[in-house]
Every structure is written in structure tokens, then in C-alpha cells.
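The values are calculated or read from the model by the stated rules, or taken from the named source; none is laboratory data. In this text, all values refer to a predicted model and were calculated from it rather than measured experimentally. Neighbour counts are summed over all protein chains in view; Cβ atoms, including those assigned to glycine, are modelled from backbone coordinates with ideal geometry.
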Amino acid sequence: MKKVFNTLAHPGEKELIFGRARYPLKTRKGLVIGGGKVYPELNFTLPPMNINAQTLPEIKNIYRSVITDACDRALELNSPGLVIELELLIEMTLNPDFAYEITAVIAEELNACFHKRGLKTAFRVTPNDTRDKNRPPVMRSGELLDKILITFEKCAKAGGELLSIESTGGKEIHDDALLNCDLEKAVFALSIMGARDMEFLWEKICKIAKETNTVAAGDTACGFANTAMVLAQKKFIPRIFAALDRVAAIPRSLVAYEQGAVGPGKDCGYENPFLKAITGYPMSMEGKTAACAHSSPLGNIAGAVCDLWSNESVQNIKLLGGMAPTVSLEQLIYDCRLMNQTDNDSALVLRDLMIRSDAYLDPQAYIFKPENIIAISKAIVNQPSPYLRTKAAVETAFDILHKALKEGELTLPPLEESWIHVIEESIQRLPSDEQQFIEQIMPKLDSSKFIAGEYDL
Amino acid sequence: MKKVFNTLAHPGEKELIFGRARYPLKTRKGLVIGGGKVYPELNFTLPPMNINAQTLPEIKNIYRSVITDACDRALELNSPGLVIELELLIEMTLNPDFAYEITAVIAEELNACFHKRGLKTAFRVTPNDTRDKNRPPVMRSGELLDKILITFEKCAKAGGELLSIESTGGKEIHDDALLNCDLEKAVFALSIMGARDMEFLWEKICKIAKETNTVAAGDTACGFANTAMVLAQKKFIPRIFAALDRVAAIPRSLVAYEQGAVGPGKDCGYENPFLKAITGYPMSMEGKTAACAHSSPLGNIAGAVCDLWSNESVQNIKLLGGMAPTVSLEQLIYDCRLMNQTDNDSALVLRDLMIRSDAYLDPQAYIFKPENIIAISKAIVNQPSPYLRTKAAVETAFDILHKALKEGELTLPPLEESWIHVIEESIQRLPSDEQQFIEQIMPKLDSSKFIAGEYDL
Amino acid sequence: MKDMIERLAFCIEKGKVDKDAPYPPELKDQDGASELTAQLLKSGVSANVILKEALMAGMHAIGEKFGRGRAFIPELLIAAKAMNAAMAHLQPHFESGEVKYRGTFIIGTVSGDLHDIGKNIVRMVLKGNGWNVIDLGVDVQAEEFISTLEEIPDAFIGLSALLTTTMMSMESTVQALKQKFPENKIFIGGAPVSPEFNKRIGADGYFREPQSLVRHLATIV
Amino acid sequence: MKDMIERLAFCIEKGKVDKDAPYPPELKDQDGASELTAQLLKSGVSANVILKEALMAGMHAIGEKFGRGRAFIPELLIAAKAMNAAMAHLQPHFESGEVKYRGTFIIGTVSGDLHDIGKNIVRMVLKGNGWNVIDLGVDVQAEEFISTLEEIPDAFIGLSALLTTTMMSMESTVQALKQKFPENKIFIGGAPVSPEFNKRIGADGYFREPQSLVRHLATIV
Ligand code: B12
Ligand code: B12
């Protein structure tokens, strides 16, 4: 049943470009994502407030007004389409009825705006992976898991169309791996724990999508590689480590598509350009216009191959020009307009400017050069299992970065230099056999932090 | 003594482009504005708070922290330079010592960052035109004027390098002209009252700049044409009226350069592209990244010929990704990076994408097409006086828009159509003789609103 | 008679001030608001009926259009001019107490703030809806509001602020007013103001645009 | 002796846990923090001197580097490991009361919030500066803080929150704590928190990063 990706959907460097995916997604209201245009994907969150039955009416009002303002602005600025993401907050996944009601309010507004004013929209809902509320987390059973799945189902029924999650299997080990810059443990957390958990979880999500006639859209390694990116941005860990952690996340996130997801991959997955090369499905990305949510070394280059362009998250607070989500949307729309003006030639010019803008300043950006995306993606599809794919991805990326450093195409802050060797050594310690890897690493892990059985370990 | 502009500094459509001005400005710390690169110009304002002697220490702390954060972010993101604008708030111009102290704090931070960490910066200070605090305003004498001039001088001495203002001469009449969509009165307010007042005021500002070894940078018709733009954006007045009001503001704002200003023109002057074509001086512009301050139909096209790229204004409040000014700065830096990656060919490609993005959706954008900038600017320099220049600018722009509408290159909301004729008629009522114009219009004005003698009327 | 009232309402909506007025072109040389009001009064129609069924109906029609983005401010302004021309004829009836405004509304931009375009629009819309509006202008000190309220103790108050820094004057103005006149309702507006701010400073309502203020006032008066 | 103390400080800074530790390569096969501490104690150096002049000095050096962006977290972590190895030898001296921590600091991420990376860094830096840190983990209810405080009434408290929605739990936690323990200082941190918020909820200080918290603590203890 599992879909197998062993070739690239976009093998050519020039076909890897914003707005154009090999397998576009047509949504209910007729948006074609990846079919030639880039659309804004708007995210937003609540201002400081409690979430409970008493505040639910107020919360619904806030979301409703965010959506009406967004639709108004999108129409004023002639946006050809709009994608809304509702990223739930944990109280909503813990109370699936809250999630249902909020989703319904947003769906209602979007429907009204489509029918009365013709704005084509799509609506992504992202329940939370609340399983790590208990530590060590129980991954495959229990009330928390049940509620996650109920939330998916309820939100799908309430009008959510694109289903996503940022699943957390393996994070128990990965957090420490990050702070210690321990690449072996990070690879283990992502390629063994994460991939196994995603297989378990996404089989269920894809089933819900099928039953509710919605779209299984994809998962991101937000809690893994984005945490690495934030830490690197704060100069807490080396950037080169964050770059390798990123590529190590690709085979993990690919599991969703193997289980049947078809995109658009969620904004915060900077593994999406690789996933697009591999799967041909459209992808959402976030870059400079998401500076409201976090600083990033990928401000422009993240847009080079995106199909949706997102602001990640902004509180609903007032700025001089309007509420912050509306402000973000205006910025996204103008970014999209620029991309959507292009013909085949100028699209490549613009894409290459985006790439050159960032690629030589940070290893996390450098791996986003199209030739590097393709080399790393190829190394991945040439291998049979998530672990071997991850090993290959990390090795290929390290070689690419090492070469770029040697040739002076890329420079690193002096502080990072001593880390190159440390990282190289830990890559060399990755065996070619998965079972051997598991045996080699299990004794080094803090067994109080995770339940081995939840990962068939 | 007056500088005369009767030819275009940038007569060629292809030479009218971002980052490149015929007469770049070299600043104290070695930034060359208009010399090939576009730099971010960061603006910010206080959160809700009182401004008085008690709160001054807190205010200074706020500004200091905005600047240190901005410098940090600029360095992290490898920005080749940074321009800071301090737009004073009226209490500061009313208390020049406040203005002095705040300016000094910012200058100190910028100097430290330059000497210790090598960041090239320039510092613009914009005192307020407080003269309209009394109504009808006294323009040429009195304590309010004195304080404005003292503020300029003190800020220049405290470390401000680029001096700007948004002067308000003529606004007494223009506000009503706008709400009534009375083009004759608007032309009068701008080309007679505004131009005469600017001549008076800028002679003084240029003198201060000379004496303090600072740069007279320019004035904008913010209180005029930007008010029109905001009103049009709210659907309160026709967009076509706002477009014509914009071009009517060009000869007024040109007066600063006739008096000796050399740019960079201030961000909120959307008459700057024309002024760049005429004068060859570098210009600051604001577009999509200023959505934090106001919605705009010029999000991308405003960048087509800019030399500095600004966010206009944002309160110092906390967003998830950091304080709002730092967030704005990150966005500006990435926008600039994109422009700064270009060579001569790709610069034109990018510029033309920016133009196509907006030009056909709004008359205020359509007049920003380079060929239209040049046609309108030519019409201006072919005339000898502000009034005749304004008449020519309005006529030329109207013809351009009319033709575009007829040919279907541009469309207007149906509601605006009836206004085209009204506007055409009022353009036809503009006589070829300034004195005749004055005599024709004076009886129609509400004489309680302004003091004729302050404008030699 | 009904026909003539409708014609008057139409003149108000279209901004036909009087017979001589050139605007709107399609009503050239026809009677305008001024003439029609005089005729109606002469033929015995009560000032109250004229006010409600013609003037306010006409203003409501154009205000409604404006609120839905179907009319521009200059159209609202010219309608207001026509209304003023008609009101001149009704003036004696106001003085005699035969007709009444919905109430009095005192409006101003708070101290330190010189922005008035938004406030002026609010004034216009309120007038069009039958309110007696007293506009104190810009840069208005709390004391001015207080002394005006002392004269008209049952008035409503509207404060406008466009600068984040003058939001603080708004706060202190509300405090000063509430201390002396805890019962009078104070409404606030302007670009940087928000419902949260309204709550924080203890005002009685934030409105994004004048139409919603008018709707709210209709529910409480 | 002074020489050996300096060597120990250096081992802490560099994260040389013990002789067998492979890291850092340049100190291979030399004595580490564990051995040196044992030797110093044996040769009669007081536990207090070892703590202050070697351990805390070493941690201070690396913490300082980290604060200026000259060291990464993994380096901080390995230094903390070396410190722990040394502390094991000092343990009896703490128990006897001969040496003392600067004080006790209770830390946790507030209820509803599962983010802990930031909080863990704060813990590490505090420990390195001689504080006894009790980490209650994530998703910590107000009651847990209260019961811990009941046991250690002179402790300081640190709350972390990363979500705008859990800022409210932070507020209620502060209220609950202040009600029972009005004298104990509560410090807050986390990405969405700000000095204004600190003021609003009545906490005793917001710090953007742990270094400034440590500096502040040094001025009040
Ligand atoms: C990593 C991360 C996660 C990881 C957490 C891993 C972990 N073990 O902590 C995972 C994936 C689990 C996660 C989950 C979620 N997250 Co999260 N997450 C982040 C991320 C990317 C980085 C946070 C981080 O670790 N930063 C690095 C540390 C070192 O910095 P720090 O925490 O700020 O701490 C420093 C200072 O603040 C200070 N400090 C911190 N605490 C204290 C305390 C004291 C006393 C003092 C003095 C100082 C201090 O010192 C530290 C060192 O300098 C942020 C993005 C961001 N820009 O912050 C989002 C972010 C916080 N998460 C967000 C969201 C929405 C979520 C989820 C709801 C997502 C989802 N869909 O499920 C869940 C919620 C889970 C929950 N209930 O808490 C949003 C919050 C938006 C909002 N409404 O507020 C953010 C802002 C992302 C975004 N831009 O949208 N997240
Ligand atoms: C026009 C304008 C001016 C004109 C004012 C002309 C005039 N006669 O009013 C001039 C040039 C004089 C001006 C001056 C200044 N301005 Co100014 N100005 C603007 C601008 C561009 C538009 C404001 C406007 O008229 N909008 C149109 C009207 C119709 O909208 P509105 O006012 O919001 O009103 C509507 C609603 O809010 C509501 N409403 C308003 N009031 C009320 C009251 C009640 C009771 C109710 C129910 C509803 C309500 O109904 C109205 C209709 O829908 C804004 C930008 C912006 N985005 O708002 C900046 C802006 C407000 N100005 C700004 C600044 C900084 C200034 C100056 C300090 C600039 C300078 N360097 O000198 C000075 C300050 C002068 C002073 N002390 O007030 C900043 C404020 C930043 C901050 N710190 O808060 C802004 C936001 C521009 C920016 N983005 O930086 N300005």
C-alpha cells in the first residue's frame, strides 16, 4: 500500500521553481496549488489570553474577525487566492469540541466569502501532537492520541480541508541531541524513532482524510530541525549542525507522503524543497515575511521553490496599518504578486536572485541551491530505508558543505570551525546496518526519557 | 542662488532604477546612497505612552534598545549598511531639548556600532511641522517656527546627519479640497501655498545644514498626497483623484531641491520617483514592508526606483519573532538583498516585475511606470514656475490615465467612472496665468482657515 | 405630498442644494432641497415629518451607500450641504421645540493630536443621522470637554486619537470626564485605538467607523 | 596550590570531566575535574575555595564566553558535566554546611506549556554560577511551585513561558504565589514575555537571557 519514492519527480534543476509542482493539488473551491501561481498562506495566533469554555465565544470572534479582515484585504489587493492555516493551540486539541467550533467559524466565513465575493480559498487545520504532554510519552495508545485523532476528524468535518501536524516522535531524544550537538543521536531520533512514529500516525491521518474527503497534506520536523535553526540563529549551536539536522529530517518527513499525503507540505518544514524534488507535490514555505515569528537565514531562498508563501505566525494585535495578521497578509500578497508576474525566463531570474541572496551566507541556505537540493534528494531516493536515506543525506550534505568551505564559496564563523571535525567523525560512526546502529546507540540513551516499546525498539 | 531644474537627470527609462542615482550621496560613515546598492531605512515610534520630562529617560531607553537591536540584526544578516530615521513626535519639536537628547542617544549607539563593529550607518532626523497647531497657522514667524528651527539645529548638532521634514504649508486648504475632491483647490494648496512656504522654510533648513555640516535631505507631501492615498485606500475618495493629487505634489516637493537639498528624499514621498528623474538625487521609498504602517496599492512598484527602502513606522511592541522594529528591519534587509544581487540585466528584470505587479491595478501605480515617470517629469521641467509645472503635471498624468483607461490597460471601479469627467472639467478650468488663477480661486476659499499674508497672497 | 417628500429625500441623497446648484447635472434647473423644504412647510407638512422622512431618509440612503463603499466622501459632503440648506428652513421649529435632535454629541480630537479628517467624517455621519453635533476641533484639552458637558449635561462624547502617544491624552481625558460625569457615555475611535484599549481606559465603546457608532447609539437612545 | 586551582578551573571551562574523558582532545590522558578536585581536597584546600576559585571561576569563564557568543551550548553542557563531577567530591562539605550555594532557585515552565529548551539553559547558567537549582520541569501547576516553596521558603522562583496563551498561566501562577509568599522574588522569561507584561502581572523582573538574570541576582543577594 505504501507509496515508494525511488526517483525524483523534479530531476531537473530548472524545473525546481516556485509555483510549479509536478503534481498540483486542486482544492474544493478550485484553487490549484502548484499549478503555476504562488498563493499566500496566512497564519495567526491568539493574543495573550486563556482558552476555556468561558473564553471560547471571544476566541471565535477573534478568529472570525481575523478571517473577515484577511478576506477583505485579499480582495482589495486582487489576490487570486488565499490559504488560511489554523494551527490549533494545545487546549483545542485537548478539547476537540473547541477545535471543531473554531474550525467551523473559519470555514463559514471562507465559504461566505467564496460564494458572495468569489474569493478562492483553501483551509488547512493543524492539530497539535499533544502526546509529549506526558513524559516519557506514550505514542501509540491512550487518551491523548485518541483526542488528536478525534480532533483531526472533527476539524475535517467542520470544514478543514488540508490536514497537517508537526508530529513529535523522537523528540524525547532529539532535544538533548541538539543541545549536545550529537549527530548520531539526532539521526537516531529522526530516522528511527521519528520515521517509525510517522508511519504509525500517518496511516491513521490518511485514513481520516479519505473518509472525510479531505487532503492529507503533510508533516514537518518543526520540533527538530526548526528548533535547531532557532538555536543556531541565537548562536547557541553551530549553523553547520543545524544544516545537517535539517537534511536528516527529510526522510522522516517523507514518510507522510509514503503513507499517502499529497501536499501542500506545511510552511515550517524547510525540508520541503527536497520533498518537492522527490514527490512532485506542492509545498508551503516561510521566509522573510515570517520574520514576525522568527529570524531566519533563509529569508529569500525559502521562496525559491515554494507553492504557498506563509508568515508562519503572528499574534492578533494592532499595528498602525491594521491588525498584525492583515498586515502580514498584505506583505505575503505582494511577495506572491512579484513571483506571479514571471514568465518562464524571468521566473528563473527571480528564483536565482532569491538563491544568491542567501546561499553563500549560511550552510542552511547553501543546501537550498537547486543543484544541492537535487544531489541530496537523489542520495535519499537511492536508498531503501529511512535510516539509510538519512545517513546518505547527511553524508552528501556534509560533502557538499565541506567542499564549499574548502573552495571558499561558503564561510563559517571561526567558532564553528572546530566543529566540522567533530561532526565529520560522528558521521563516520554511522554504520551501514540499521540494526547495528540501534545496538550501538541504545546504551548511550537516557532510557528514562522515552519508552522503547513505542518505537518497536 | 536657486538651483534650476529644467532638464531630466535621468532621461532614459532604463537608467531609472533602484540603487542607482545620478548623484549619489556619500555620508559621514562612508555609506554611498544611490551608488549601486539599496539600503534599509528603519523607522519606528513609541508604544502608547506620555512624552514629558518624567518619561524622557524611559523614552531614551526605548530608542536605545531599538537601535542596539537593529544594529545587531543588521550585522547578523550581513547588511552592508543601515539608515535610521528618527521621526520626532510633536512634543519633541515643542521641546527641542527632548529632541536633542533623544537624537544624541541614537547617534551614540550608531557611532559605537560603527567603530566597534564596522556597521556603516546614516541617521535621518525629521522634526515636525508644528506650525499648524494654531489655526489658522502662522507660517513665517512665532514661537512654533522658532522651535522647529531650533530643533533642526539641535538635532544636527546631536548627531543627526540627514535633515527632513513633512512641511504643511497649504494643508489648511488642501484637507477640504481632498474631501471634496476639488482639484483646483488642491492645485492651489500645493503649487501656490505649499511651494511658497517651502521656499521660505527650506532656505532656512539648507542654511542650518550648511552651518552644521549636515545634509538637507528633502521634504514630502505626506500630509497632502499620502492623506489622499489613505483616503482612496479606504474607498473614501476616488483613486484617480489621489493619483492626480500625487503628481500635483511633485513641483511642491521639488522646491526643497531647488533650495539646495540633495536627498535622500524621505520615504513617505511617493513623488520621489519623479524627483529622482528630475534631480538625479537618491530617494527613499516605502512599499509592502511598510504595510505595518498603512495599506498601499504600491507595494512592489514603490521599490522600482528606490535607493533606500523603508518600513515607514512601527510601534516598539513585541511580536513572536522579536520587537516589531527589528522584525521590520529583517524584512527590509531581505528585500534589499534581493535587489542588491542584481547585475544590470537582472536589475531590469526585477524592476519590471515590480512594476508589472502593481501598475495595472491602480492609477496611483500606473503613473509609476518608468515611461510615465519620465513623461510627467519632462512636462514639469519644461515649465518655469511651480504653478505651471503642477498644471502641466496634472494634465499630462490625466492624459496618460485617460488613454490607459480607454485602451483597457487600466480599469477603475465603476464608482469612479463618473468622476473622470468632473476631474477633467476642473483641469480645464486651470488658467495659464498664475495671477489669474489666484484671483479666480481666492473668493472660493474659506478665509477663516488660512492667513493669506503668510503666503504673499 | 408623499411624492414631494420622496423628491426631497432624493435631493438630499444626491446633494441637490437648490435650484441654482449645478450639481448633480441630471437635476439641472429643477427645484432643490431648499425649495422643496419651503414648499412642504408651506403646504402644512410638519417639520418633524420633513426631518425624519425626507432629510434623514435621504442622508440615511447616502450614508448607507458610503458605508458599503458605494459612495465617496465628496458625495456625502454635498448631501450634507443639501441637508444644511433644508435645515435652515426648519430652524425655527427646532427653536420652538417642535422638532428635536436625537440628542447632542460632543466630539473632538484629544490634546496633542492634530489629525481631524477621521473625526470630521464621524461628525458628518452623526449629523446626517439626526444628531446635534458640537465639534470642539483638534488638540482639545480635557477641560474643554468638561466645560461643554457642564452646559449640555445629557450629551454623548466622542474622542478621536491618531497617534500612539496621544492615546495617553485620550486615557487622561476619559478619566477626567468620568470623574465628573460618571454617567455620560464616552466613545472612542482612531487608527491606533482598539477594543482592548477601550476596556483598559474605561471608555464605553470603540468603533472602527462611524456607521457602527450610529447603529450602537440607535440601540441605546 | 594556586597552579592546581587554576588547572581545575581550566578543566571546568574546557569540560574535561576526568582522566578517561576523550574530550577535549588536547587534554587527552591528563587529569580532569574529578581527579584535580580530589587532590585539592586531600592537600587541605577548603571546599569553599575550590568551589569559588576553581569551579565557579571555570563556569564563569565559559558562561561569559557563551554570553558574548563565543561558545556554544554543547560547550556549556560539557563544562557543566565537569562541574558535576567535581561537585560530587564536594557533596559531603555541602551536607556538613561548610560550603553553601548562593541560594536556591526554583524553576519551571508554566502550566500548559511544554517548551523547555530555554528553561534548561537558564538552569544550566544558574548552576554554573553557584545556585542550587530545583527544576520542576514543564507544564508545572501553581500548586507545585507553592508546595516546593513551602519546603524552601527563602528560594527564588523563575517561570518560563513560550506561548502567548500560557502567558496567562504565568499570570495566575504569579498571583497564586504572591498571595502566599508576597516576599519571594519571581522572575520571568521566554520569547513572548516582555518588561511591560512583567509589570502588569506583578512579577519581579523580566530577563531576556539568563546572564542578565544572574547579574541581577548578584546585586540583590
Ligand atoms: C522549539 C519549539 C517547539 C518545540 C519545543 C521543544 C522543547 N523541548 O522545548 C516543540 C516542537 C515541542 C514545540 C511545540 C509547540 N509549539 Co513551539 N516553538 C519552538 C521554537 C521554534 C523555539 C523555542 C526555543 O526552544 N527557542 C530557543 C530557546 C533557547 O529560547 P527561549 O525559549 O526563548 O529561551 C531563552 C530566553 O527566552 C530566556 N528564557 C526562557 N525562559 C526563561 C525563564 C526565565 C526565568 C528567564 C530569566 C529567562 C528565560 O532564556 C533562554 C535562553 O536565552 C519557537 C519559535 C520561537 N521563535 O521561539 C516555537 C513557538 C514558541 N511554538 C509555537 C507553537 C504554536 C507551538 C505548538 C502549539 C505547535 C503545535 N502546532 O503543536 C506546540 C505547543 C506545545 C506546548 N504546549 O508547549 C509558537 C507560539 C505561538 C504562540 N501562540 O504563542 C512559536 C512562537 C512558533 C511560531 N512562531 O509559531 N515548539
Ligand atoms: C493624514 C495624516 C496626517 C495629516 C493630518 C491631516 C488632518 N487634517 O487630519 C498630517 C500631515 C497633518 C499629519 C501629521 C502628523 N502625523 Co499623521 N497621519 C496621517 C495619515 C496618513 C492618515 C490619517 C487619516 O486622515 N486617515 C483617514 C481617516 C478617515 O481615518 P481615521 O482617522 O482612522 O478615522 C476613521 C476611523 O478611525 C474612525 N474614527 C476616527 N476618529 C473617531 C472617533 C470616534 C468617536 C469614532 C467612533 C470613530 C473614529 O472613523 C474614521 C472614518 O472611518 C496617517 C496614516 C494612517 N494609516 O492612519 C498618519 C499617522 C497617523 N500620522 C503619524 C504621524 C507620526 C504624524 C506626525 C507626528 C508626523 C510628523 N512627522 O510630523 C504629525 C503629528 C501631528 C499631530 N500632532 O497630530 C503616524 C502616527 C504614528 C504614531 N506614533 O502613532 C501615522 C500612523 C503615519 C505613520 N504610519 O507613521 N498626519
Pairs where the first residue, in the stretch A:233-244, is modelled with pLDDT of 95 or more and the second is crowded, with 24+ Cβ neighbours inside 10 Å and hydroxyl-bearing (S, T, Y), C-beta under 9 Å, 6+ apart | A:A243/A:Y366
Scan the stretch D:40-58 and give yes if some residue there is under 27 Å from A:E425 (Cβ atoms), assigned to a helix (DSSP H, G or I) and not assigned by TED's automatic domain parsing to the domain that holds D:V125, otherwise no.
-> yes
Answer yes if at least one residue in the stretch A:137-144 is over 26 Å from A:S284 (Cα atoms) and within 13 Å of ligand 1 (Cβ to nearest atom), and no otherwise.
-> yes
Output the number of the condition that B:L89 fails; it satisfies all remaining conditions of (1) in contact with a helix residue (DSSP H, G or I) (Cβ under 7 Å, 6 or more places away or on another chain); (2) within 14 Å of chain C (Cβ to nearest Cβ); (3) within 16 Å of ligand 2 (Cβ to nearest atom).
-> (1)
For the stretch C:201-221, enumerate the residues that are touching a residue at least 24 places away in the same chain (Cβ under 8 Å) and more than 16 Å from the chain's Cα centre (by Cα).
-> C:I201, C:G202, C:A203, C:I220
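Scanning the stretch A:346-365 for residues that are charged (D, E, K, R) and under 23 Å from B:G321 (Cβ atoms), which turns out farthest from the other protein chains (Cβ to nearest Cβ)? Even if it seems obvious, please write down each step before you answer.
Within the stretch A:346-365, the first condition is being charged (D, E, K, R), and the residues that meet it are A:351-352, A:356, A:358, A:362.
Among the residues that remain, those that are also under 23 Å from B:G321 (Cβ atoms) are: A:358, A:362.
On the way: A:D358: 7, A:D362: 9 Å.
Going through the qualifying residues, I end up with A:D362.
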Subset tally (residues that are among the charged types (D, E, K, R) and touching a residue at least 12 places away in the same chain (Cβ under 8 Å)) for the stretch C:144-167 = 2
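May I ask you to list the residues in the stretch B:243-281 that are β-branched (V, I, T) and in a helix (DSSP H, G or I)? Before the answer, list the steps.
Pass one, the stretch B:243-281, residues β-branched (V, I, T): B:247, B:250, B:255, B:262, B:278-279.
Result: B:V247, B:I250, B:V255, B:I278, B:T279.
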Any idea which of D:I50, D:I62 is over 30 Å from A:H174 (Cα atoms), crowded, with 23+ Cβ neighbours inside 10 Å and not small (G, A, S)?
-> D:I50
Could you grab me the full set of residues in the stretch A:143-160 that are in contact with a Lys or Arg (Cβ under 8 Å, 6 or more places away or on another chain) and either of a type in the set (V, I, T) or at positive phi (or both)?
-> A:I148
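For the stretch C:192-208, enumerate the residues that are part of a loop (DSSP other than H, G, I, E, B) and more than 13 Å from chain A (Cβ to nearest Cβ).
Pass one, the stretch C:192-208, residues part of a loop (DSSP other than H, G, I, E, B): C:192-194, C:202-205, C:207-208.
Selection gives C:G202, C:A203, C:D204, C:G205, C:F207.
Among the residues of the stretch A:308-323 satisfying the criterion of being in contact (Cβ under 8 Å) with a residue 24 or more places away in the chain and within 16 Å of ligand 2 (Cβ to nearest atom), which is farthest from the other protein chains (Cβ to nearest Cβ)? Break it down stepwise before answering.
Our first condition is that a residue be in contact (Cβ under 8 Å) with a residue 24 or more places away in the chain; within the stretch A:308-323, this holds for A:308-317, A:322-323.
Now narrow it down to the ones that are within 16 Å of ligand 2 (Cβ to nearest atom): A:317, A:322-323.
Values: A:I317: 7, A:G322: 7, A:M323: 9 Å.
That would be A:M323.
Answer yes or no as to whether D:V174 is more than 16 Å from ligand 2 (Cβ to nearest atom), among the aliphatic types (A, V, I, L, M) and either within 23 Å of D:E143 (Cβ to Cβ) or at the interface with another protein chain (Cβ under 10 Å from one of its Cβ atoms) (or both). Let's see the steps before the verdict.
On the way: more than 16 Å from ligand 2 (Cβ to nearest atom): yes; among the aliphatic types (A, V, I, L, M): yes; either within 23 Å of D:E143 (Cβ to Cβ) or at the interface with another protein chain (Cβ under 10 Å from one of its Cβ atoms) (or both): yes.
When the stated conditions are applied, D:V174 passes them.
Can you pull out every residue in the stretch A:202-242 that is among the β-branched types (V, I, T) and either part of a helix (DSSP H, G or I) or within 14 Å of ligand 1 (Cβ to nearest atom) (or both)? Break it down into steps so the answer makes sense when it comes.
Start the filter on the stretch A:202-242 by keeping residues that are among the β-branched types (V, I, T), which leaves A:205, A:208, A:212, A:214-215, A:220, A:227, A:230, A:237, A:240.
Those that are among the β-branched types (V, I, T) and either part of a helix (DSSP H, G or I) or within 14 Å of ligand 1 (Cβ to nearest atom) (or both): A:I205, A:I208, A:T212, A:T220, A:T227, A:V230, A:I237, A:I240.
Any residue at all in the stretch A:126-136 that's within 22 Å of the chain's Cα centre (by Cα) and more than 14 Å from chain D (Cβ to nearest Cβ)?
First, pick out the residues of the stretch A:126-136 that are within 22 Å of the chain's Cα centre (by Cα): A:126-133.
Filter again for more than 14 Å from chain D (Cβ to nearest Cβ), leaving A:126-127.
Yes, the conditions are met somewhere in the stretch A:126-136.
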Test set (1) within 30 Å of D:A191 (Cβ to Cβ); (2) in contact (Cβ under 8 Å) with a residue 60 or more places away in the chain - A:P57 fails condition number | (2)
Just wondering, is there one or more residues in the stretch B:208-219 that are within 12 Å of ligand 2 (Cβ to nearest atom), within 14 Å of the chain's Cα centre (by Cα) and buried (at least 23 other Cβ atoms within 10 Å of the Cβ)?
-> yes
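When only residues in the stretch A:276-290 that are over 25 Å from A:T45 (Cβ atoms) and buried (at least 24 other Cβ atoms within 10 Å of the Cβ) count, which is nearest to the other protein chains (Cβ to nearest Cβ)? Quick ask: steps written out before the conclusion?
Step one: filter the stretch A:276-290 for residues over 25 Å from A:T45 (Cβ atoms), giving A:276-281.
Next cut, buried (at least 24 other Cβ atoms within 10 Å of the Cβ) only: A:276-279, A:281.
Working: A:K276: 21, A:A277: 23, A:I278: 27, A:T279: 28, A:Y281: 26 Å.
That would be A:K276.
From the list D:F105, D:F145, D:F156, which residue is farther than 28 Å from D:G67 by Cα, modelled with pLDDT of 95 or more and buried (at least 20 other Cβ atoms within 10 Å of the Cβ)? It would help to see each step written out before you state the result.
Values: D:F105 fails: farther than 28 Å from D:G67 by Cα; D:F156 fails: farther than 28 Å from D:G67 by Cα.
Every option except D:F145 fails the conditions.
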For residues that are more than 30 Å from B:T93 (Cβ to Cβ) and touching a residue at least 24 places away in the same chain (Cβ under 8 Å), tally how many sit in the stretch C:95-133.
-> 17
Test: residue in the stretch B:333-348 that is under 30 Å from B:N6 (Cβ atoms), in contact (Cβ under 8 Å) with a residue 12 or more places away in the chain and away from ligand 1 (no atom under 16 Å from the Cβ) = yes
Qualifying residue in the stretch A:332-345 (condition: of a type outside the set (A, V, I, L, M), within 16 Å of ligand 2 (Cβ to nearest atom) and within 11 Å of another protein chain (Cβ to nearest Cβ)) = no
